[in-house]
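The values are calculated or read from the model by the stated rules, or taken from the named source; none is laboratory data. Note that the structure is predicted; figures quoted are calculated from it, not measured. So basically every Cβ, Gly included, is an ideal-geometry build from the backbone, and we count neighbours across all protein chains shown. What goes into the accessible areas is simple: the full protein's heavy atoms, side chains included, and nothing from ligands, DNA or RNA. Shrake-Rupley method; radii C 1.70, N 1.55, O 1.52, S 1.80 Å.
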Amino acid sequence: MRDEDDDGLRVRPPAEHAAGVPAVIRSLKALHDQVGLVRGARALLRINQKQGFDCPGCAWPEADHRSKAAFCENGVKAVAEVTTDRRITDDFWAEHPISDLKQRSGYWLGQQGRLTRPVYKAPGSDTYEPVLWETALDLVASELRSLSSPDRATFYTSGRTSNEAAYLYQLFVRAFGTNNLPDCSNMCHESSGSALTQTIGIGKGTVSLEDLGKAELILIVGQNPGTNHPRMLATLADAHRQGTQIITINPLREAGLVRFKDPQRLDGVLGKGTVISDQYLQIRINGDQALFQSLAKRLLEAGAVDREFVDRSCTGFADYAAALGSLDDDAVARATGLTRDEIDELAGRLIRSKATIVCWAMGLTQHKNSVATIRDIVNVLLLQGNIGKPGAGVCPVRGHSNVQGDRSMGIWESPPPALLAGIEREFGFTPPSVPGHDVVDSIRAMRDGQVDVLMAMGGNFVAATPDTAVTEAAVARCRLTVSVSTKLNRSHAVTGEASLILPTLGRTELDVQASGPQEVSVEDSMSMVHLSRGRLKPASDELLSEIAIVCQLARRVLVDGPAIPWQGFQDDYRTIRESIGRVVPDCQDYADKVEDGFTMPNPPRDSRTFSTPDAKAHFTVNPLEILDVPRGRLLLQTIRSHDQYNTTIYGLDDHYRGIEGGRRVVLVNPADITELGFTDGEMVDLVSEWRDGDRRAPGFRLVGYPTPRGCAAAYFPETNVLVPLDSTADTSGTPTSKSIVIRLEPAT
Ligand SMILES: Nc1nc2c(c(=O)[nH]1)N[C@H]1C(S)=C(S)[C@@H](COP(=O)(O)OP(=O)(O)OC[C@H]3O[C@@H](n4cnc5c(=O)[nH]c(N)nc54)[C@H](O)[C@@H]3O)O[C@H]1N2
Ligand SMILES: Nc1nc2c(c(=O)[nH]1)N[C@H]1C(S)=C(S)[C@@H](COP(=O)(O)OP(=O)(O)OC[C@H]3O[C@@H](n4cnc5c(=O)[nH]c(N)nc54)[C@H](O)[C@@H]3O)O[C@H]1N2
Ligand SMILES: [Mo]
């Protein structure tokens, strides 16, 4: 890869607070660089407002869609990325053959601007060439129709796709005949969904924004909201000012969780801002299961159990309590790296709190024992009756702005029977019920020559997935790769024999169909569903909406398939919402209800009931699993910098962590650097160790950083080359991107 990425790395001490005025200045600069301020300001005024569009940044909910400026620095960067004035024109493709694009960094690819026309790379060719939409869609249809089985194609989705597009996409894929619907969720909150469905009967969070205000205690575990969910910090700061205690459990001291300066308040502009965390536990990577078991043991010893709730609403308490009796304190100390006093202090806070919420994100979901860890968190909450009452509950904070909605709409390789029954009722065909491939299984199937076509609705499949070398070779074995995209990325340079890029509208853009301007709907992290309307002029006249692409493709592929009104759906998106209302569980009268927004039913939150087979919440026994890292090795977590959105790199600074001008850094405890025989600032290779051999990521600068002993951190996607394909979480199958055993070697 060329070195255009690194314009001189600088390292400062990490910051002790997030946001404040500098964040506003940075966001205006991002907007100015990409869009120009006037067009940019017009876009901003519409973010998260009643007549506006849903911010494509993250899935944190908006208070009531009326606050003046419902956006944050990183939301502005996400909008600037898609509203950019830069365009990829026809001559670009001849100047940059695929062999050239392959040498470019993700940052460079993203900087080239919006895709404007469909392009096609023929078998044997090294260049994309502009083609007509008809030609492009005919090519995909003829390839799909020629497959010996529908299971020889796999259909990926990233989490920005609207509910309407997701609903039609899964319908098309199921009418075609397969459940091969891998999605970014498989790499994200799948572990949360698995653990929660089994224990409380619903794979989603059980709290609303109001609950965060009512909580006495909020635990933020394995999440970095200062960068990834900045609007959450304002909610936390408000709660803290009203007396809610906030505890952070994280190997890194993340600035936003230490102190927050809200630029939308006067004391945020002038003062020192609000302290966020009352206690900050710098836990070892993967120590959370041990921590929550030891907290539970202390709660039991103190008799801090809501007996009435446990007896009436739960099963499995006796077995769980018995299993905790044999918890080994030394094992807890080894796994967590925390002192007994620290754990006692947190246990004391839990015992005193009458309403506790636990929030978490990728720091918990991307480990081998993730599902067990999250089940153990549910156990702790159940003990004190902290599920299904005001100010209490589970809060898995989602990533992509509509990843939760996509699941509700059926983007799922193992579809719920109620959805399949709905499809059969509505459209008169029997959809496949055998589970399809998730992300990791899709890669295995491509690698083993069992899949010929990879279609992706958004996202950046080859960069976001694990084991880059294996994945890229697997994708290259496909006969055809198809990406529906807004911007150029690595997945367009690593192609099958033939490849198509189909350019699409962004969420900010006006979408006009036969019946006039259209709206779409989305669901946030707290199950609130509302409309989103784009208003800006599209980046090119030739863009089709994701919905139009699916409808036009489906008509070509399913010529003798079930009677589905694809043209009607495309002409008027309200008819899609009406169909959703008849088909998707919990969405009755969807088209009407979504006009004013509504909240999806949530039995634990709404009525303290549990949709498990026995209608009870389940305590579970999860044997403690400790990742013992061999001597001389480190446990690496792969994280996001402040200047990226997953695989989209906005810039080269990780402002709050004090890293500027480059991304190939590895953060390691200074004592480990010395003990391993290296010096701060030295260049090293990261080598991961797995049962099938080593994997190497060359050329990282060692940065001494306050992380617990034995732990390391570096950015993804650069480090995905180190994550073995077969290293996945039990039950959920999520790649273990937060716990990879590595050794350091002097740079080659
Ligand atoms: N600006 C911006 N916003 C985003 C994204 C983005 O890339 N950029 N991505 C979006 C998406 S898809 C998602 S899923 C979310 C991701 O949001 P986060 O989960 O906040 O993202 P990560 O950078 O993966 O951060 C993981 C955090 O967990 C901590 N951690 C790692 N391992 C452990 C562990 O074993 N135990 C504990 N307790 N903590 C641990 C890390 O130190 C880090 O603070 O953000 C969404 N929002
Ligand atoms: N090592 C490691 N790997 C990880 C993670 C990690 O923490 N560590 N995190 C994982 C997580 S949580 C996630 S969610 C995945 C993310 O995986 P993906 O969702 O696949 O990746 P993104 O980078 O979000 O996708 C960006 C691309 O989406 C396209 N795009 C943007 N907006 C739109 C739109 O409106 N429509 C369409 N059609 N396309 C659009 C653009 O072309 C852009 O280049 O990565 C996972 N990979
Ligand atoms: Mo995610």
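Just give me the residues in segment 506-529 being surrounded by fewer than 24 Cβ atoms within 10 Å (Cβ to Cβ) and among the aliphatic types (A, V, I, L, M), in sequence order.
Leu510, Val512, Ala514, Met528, Val529
Looking at (1) crowded, with 17+ Cβ neighbours inside 10 Å; (2) in contact with a helix residue (DSSP H, G or I) (Cβ under 7 Å, 6 or more places away or on another chain), find the lone condition where Pro708 falls short.
Condition (2) is where Pro708 drops out.
Hey, which of the helices (runs of 4 or more DSSP H) in segment 183-270, taking only ones fully inside, have at least 3 residues that are buried (at least 21 other Cβ atoms within 10 Å of the Cβ) and more than 10 Å from ligand 1 (Cβ to nearest atom)? It would help to see each step written out before you state the result.
Working: elements: 190-200, 209-214, 225-228, 230-241, 255-258, 266-270.
Ranges flagged: 190-200, 230-241.
Hey, any hits in segment 288-302 for a residue that's modelled with pLDDT of 95 or more and over 20 Å from Ile374 (Cα atoms)?
Taking segment 288-302 and keeping what is modelled with pLDDT of 95 or more, we get 288-302.
Okay, now just the ones that are also over 20 Å from Ile374 (Cα atoms), so 301-302.
Yes.
Would you mind finding the one in Thr679, Thr648 that is over 21 Å from Ala255 (Cα atoms), in the same structural domain as Thr719 (by TED's automatic domain parsing) and within 21 Å of the chain's Cα centre (by Cα)?
Checking each option against the conditions leaves just Thr648.
Would you check if there is a residue in segment 169-180 being of a type in the set (Gly, Ala, Ser), more than 30 Å from Pro613 (Cβ to Cβ), away from ligand 2 (no atom under 15 Å from the Cβ) and not in a loop (DSSP other than H, G, I, E, B)?
yes
Return the residues of segment 474-518 that are in contact with an Asp or Glu (Cβ under 7 Å, 6 or more places away or on another chain) and β-branched (Val, Ile, Thr); say none if nothing qualifies.
Passing the criteria: Val484, Val494, Thr504.
For segment 491-606, which fully contained strands (runs of 3 or more DSSP E) count at least 2 residues that are away from ligand 2 (no atom under 16 Å from the Cβ)? Before you say what the answer is, go through the steps one by one.
On the way: elements: 498-503, 520-523, 528-532.
Output list reads 528-532.
Quick check on this structure: which one of Gly391, Gly385 is more than 16 Å from ligand 2 (Cβ to nearest atom), open to solvent by less than 10 Å² (accessible area, probe 1.4 Å), closer than 28 Å to Cys55 by Cα and not assigned by TED's automatic domain parsing to the domain that holds Val557?
Values: Gly385 fails: closer than 28 Å to Cys55 by Cα.
None of the others qualify; the one that does is Gly391.
Kindly indicate the residue of segment 710-744 that is of a type in the set (Val, Ile, Thr) and within 12 Å of ligand 2 (Cβ to nearest atom) and also nearest to Leu196 (Cα to Cα) among those meeting that condition.
By that ranking, first place goes to Thr734.
Do we find a residue being in contact with a Cys (Cβ under 8 Å, 6 or more places away or on another chain), in the same structural domain as Gly459 (by TED's automatic domain parsing), of a type in the set (S, T, N, Q) and more than 16 Å from ligand 2 (Cβ to nearest atom) anywhere in segment 425-434?
We begin by selecting, within segment 425-434, every residue in contact with a Cys (Cβ under 8 Å, 6 or more places away or on another chain); these are none.
There is no residue in segment 425-434 that is in contact with a Cys (Cβ under 8 Å, 6 or more places away or on another chain), in the same structural domain as Gly459 (by TED's automatic domain parsing), of a type in the set (S, T, N, Q) and more than 16 Å from ligand 2 (Cβ to nearest atom).
A quick yes/no check of all residues on (1) open to solvent by less than 10 Å² (accessible area, probe 1.4 Å); (2) more than 31 Å from the chain's Cα centre (by Cα):
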site	(1), (2)
Thr274	no, no
Arg284	no, no
Leu327	no, yes
His367	yes, no
Val371	yes, no
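Restricting the search to segment 418-435, which residues are crowded, with 20+ Cβ neighbours inside 10 Å and part of a loop (DSSP other than H, G, I, E, B)?
Selection gives Pro431 alone.
Is there any pair with a first residue in segment 235-255 that is away from ligand 2 (no atom under 16 Å from the Cβ) and a second that is aromatic (Phe, Trp, Tyr) whose Cβ atoms are under 6 Å apart and which are 6 or more apart or on different chains, and what are they?
Ala237/Phe260; Thr248/Tyr280; Ala255/Tyr656
All but one of (1) surrounded by fewer than 24 Cβ atoms within 10 Å (Cβ to Cβ); (2) over 30 Å from Asp541 (Cβ atoms) hold for Thr135; state the number of the condition that does not hold.
Here Thr135 meets the rest and fails (2).
Is it the case that some residue within segment 337-356 is farther than 30 Å from Val629 by Cα, among the hydrophobic types (A, V, I, L, M, F, W, C) and surrounded by fewer than 21 Cβ atoms within 10 Å (Cβ to Cβ)?
So the first thing to find is which residues in segment 337-356 are farther than 30 Å from Val629 by Cα, and the list is 348-356.
Checking the rest, the ones that are also among the hydrophobic types (A, V, I, L, M, F, W, C) come to 350-351, 355.
Okay, now just the ones that are also surrounded by fewer than 21 Cβ atoms within 10 Å (Cβ to Cβ), so 351, 355.
Yes: segment 337-356 contains one or more residues that are farther than 30 Å from Val629 by Cα, among the hydrophobic types (A, V, I, L, M, F, W, C) and surrounded by fewer than 21 Cβ atoms within 10 Å (Cβ to Cβ).
Which one is most open to solvent (accessible area, probe 1.4 Å) among residues in segment 711-748 that are away from ligand 1 (no atom under 12 Å from the Cβ) and β-branched (Val, Ile, Thr)?
Ranking the qualifying residues of segment 711-748, first place goes to Thr748.
Can we say Tyr705 is away from ligand 2 (no atom under 16 Å from the Cβ) and under 30 Å from Asp33 (Cβ atoms)?
In short, yes.
Tell me, which residue of segment 630-643 that is open to solvent by less than 50 Å² (accessible area, probe 1.4 Å) and either more than 16 Å from ligand 2 (Cβ to nearest atom) or at pLDDT below 95 (or both) is farthest from His367 (Cα to Cα)?
Among those that are open to solvent by less than 50 Å² (accessible area, probe 1.4 Å) and either more than 16 Å from ligand 2 (Cβ to nearest atom) or at pLDDT below 95 (or both), it is Asp643.
For segment 534-587, give me each residue that is open to solvent by less than 40 Å² (accessible area, probe 1.4 Å) and farther than 29 Å from Cys55 by Cβ.
Across segment 534-587, the qualifying residues are Ala554, Val557, Leu558, Gly561, Pro562, Ile564, Trp566, Gly568.
How many of the residues making up segment 144-157 are open to solvent by less than 10 Å² (accessible area, probe 1.4 Å) and among the hydroxyl-bearing types (Ser, Thr, Tyr)? First the steps, then the outcome.
Of all residues in segment 144-157, those open to solvent by less than 10 Å² (accessible area, probe 1.4 Å) come to 144, 153-157.
Those still in the list that are among the hydroxyl-bearing types (Ser, Thr, Tyr) too: 154, 156-157.
The number of residues fulfilling the criteria is 3.
For Gly303, work out the one condition from (1) in contact with a strand residue (DSSP E or B) (Cβ under 8 Å, 6 or more places away or on another chain); (2) loosely packed, with under 14 Cβ neighbours inside 10 Å it doesn't fulfil.
Against the list (1) in contact with a strand residue (DSSP E or B) (Cβ under 8 Å, 6 or more places away or on another chain); (2) loosely packed, with under 14 Cβ neighbours inside 10 Å, Gly303 comes up short only on (1).
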